[in-house]
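What follows draws every value from the coordinates through simple rules; no lab data is involved. In this text, all values refer to a predicted model and were calculated from it rather than measured experimentally. Cβ coordinates were reconstructed from backbone atoms using ideal geometry, including for glycine residues, and neighbour counts include every protein chain displayed.
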Amino acid sequence: PSMGDLMQYLDDLDPTRLYNACEKVQSDLSGACQDVMTKIYNAFKDHSDGLKFHEAAGRRALKNAALGYLCGHKEADRNAHDLANAQYEGATNMTDRIAALSNLVDTQSAHRDICLADFYLRFKDHELVVNKWFGLQAGAVRASIIEDVQELSAHPDFNWKNPNRVRSLFAAFAMRNPAAFHKADGSGYNFLTDAIVKLNDINPQIAARLLTPMREWKRFDAIRQDKIKTCLERVLAVEGLSKDVFEIASKSLKG
């Protein structure tokens, strides 16, 4: 199960502890299954020309699951990242290319930035694919993630007036990157709050929707409750607050 799924079953929630537990399980499974996953990957890495659609899709799904395990060990070595890079470079379909890039985006591998730059250049004229490019990076678990997202918000192809582009970056960070968004120091909450305040004057409906991951603040541990509550209060104190944002923020604060 994903971390997001597991979070629905827990109270007094410490997302950092949960993330670390999930990572340990992933790493242990990956370490124990390296030989098996290598065999699976090699068996299904060839092109699926001539197969029926569902058969080809199934082969790709199994192959990419195996790649995830090969790259998922905490001590994943250069070989695993080289394998992901080779798949990226040789991909003949978007599924394989995205899967390879997804396995590099959390890493410090030298392949990461090269592949991200290449992906953007390949698909910069395709709006939905560029949205995916923003979202992949916003979902990366990296020490520099807030700085990364801040830098992406200044990218020439980012537009605060484009709702889908805003969601692809800020909603991806807040809703698909719980390890970063729920950091105990509150930096993720403050970062999202800054975006909500800015969007209040640009697109209040999107600003209100970005409050979603803070609405159930009472389910978290005391430290995070206090920090989220402070952010909700900061939103409500904004001069000229829109009706949409006020409604969600005030209801959330009341719990």
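Values for this structure:
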{"item": "When each of 52/124; 63/227; 124/218 is checked by Cα-Cα distance, pairs over 32 Å", "result": "63/227; 124/218"}
{"item": "Nearest-20 debye value, the range 116-255 charge dipole, Cβ charges on Lys, Arg, Asp, Glu", "result": "480 debye"}
{"item": "Residue with peak Gaussian network fluctuation, the chain [Cα springs, cutoff 10 Å], from 81, 155, 182", "result": "155"}
{"item": "Charge dipole of the chain about the Cα centre (unit charges at C-beta), most positive-ward option of 103, 246, 149", "result": "246"}
{"item": "Cα-only Debye scattering, the range 89-158: base-10 log of I(q)/I(0) at q = 0.11, 0.17, 0.27 Å⁻¹", "result": "-0.24, -0.59, -1.49"}
{"item": "Integer Hz, Karplus 6.51/-1.76/1.60 couplings in order for the range 111-126, x for Gly and Pro", "result": "6, 4, 5, 5, 5, 4, 5, 5, 4, 4, 5, 5, 10, 4, 8, 10"}
{"item": "Rounded to 10°, Cα long-axis angle of helix 243-254 versus longest principal axis of the chain", "result": "90 degrees"}
{"item": "Pair-distance profile P(r), taking every C-alpha pair of the chain, with 5 angstrom steps and integer %", "result": "1, 6, 12, 15, 16, 15, 13, 10, 7, 4, 2, 0, 0"}
{"item": "Under-5 Å amide H pairs with residue 13, H placed in peptide plane, nonlocal only", "result": "220, 221"}
{"item": "Using a Förster distance of 41 Å, the FRET efficiency for residue 12-residue 118 (Cβ separation, nearest 0.05)", "result": "0.40"}
{"item": "Residue of 16, 107, 95 that the Gaussian network model of the chain assigns the largest fluctuation, springs spanning Cα pairs under 10 Å", "result": "95"}
{"item": "Candidate lysines - alpha carbon under 16 Å from residue 161, same-chain residues fewer than 8 apart omitted", "result": "198"}
{"item": "At 1.306 mPa s and 10 °C, Stokes D of the range 57-122 from Kirkwood alpha-carbon radius, µm² per second", "result": "135 µm²/s"}
{"item": "Exposed trypsin sites (Lys or Arg not before Pro) absent - longest run of the chain, DSSP non-H/G/I/E/B, at most 10 other C-beta within 10 Å", "result": "53-160"}
{"item": "Degrees between helix 53-71 axis and first principal axis of the chain (Cα, 0 to 90, nearest 10)", "result": "80 degrees"}
{"item": "Fully extended contour minus Cα-Cα distance, from residue 157 to residue 243, at 0.36 nm per residue", "result": "28.0 nm"}
{"item": "Estimated FRET transfer efficiency when R0 is 30 angstrom, pair residue 42-residue 143 (beta carbons, to 0.05)", "result": "0.35"}
{"item": "Additional length obtainable on full extension of the chain from residue 125 to residue 225, 0.36 nm per residue less Cα span", "result": "31.8 nm"}
{"item": "Binned Cα-Cα distance frequencies in the range 1-151 - 5 Å width, integer %", "result": "2, 9, 16, 19, 19, 18, 11, 5, 1, 0, 0"}
{"item": "Charged-residue dipole, Cβ positions (Lys, Arg, Asp, Glu), the chain about Cα centre, Debye nearest 20", "result": "560 debye"}
{"item": "Among 73, 34, 7 the positive-end extreme of the charge dipole of the chain (Cβ point charges)", "result": "7"}
{"item": "Of 166, 130, 25, the one that fluctuates the most in a GNM where the chain has Cα springs shorter than 10 Å", "result": "25"}
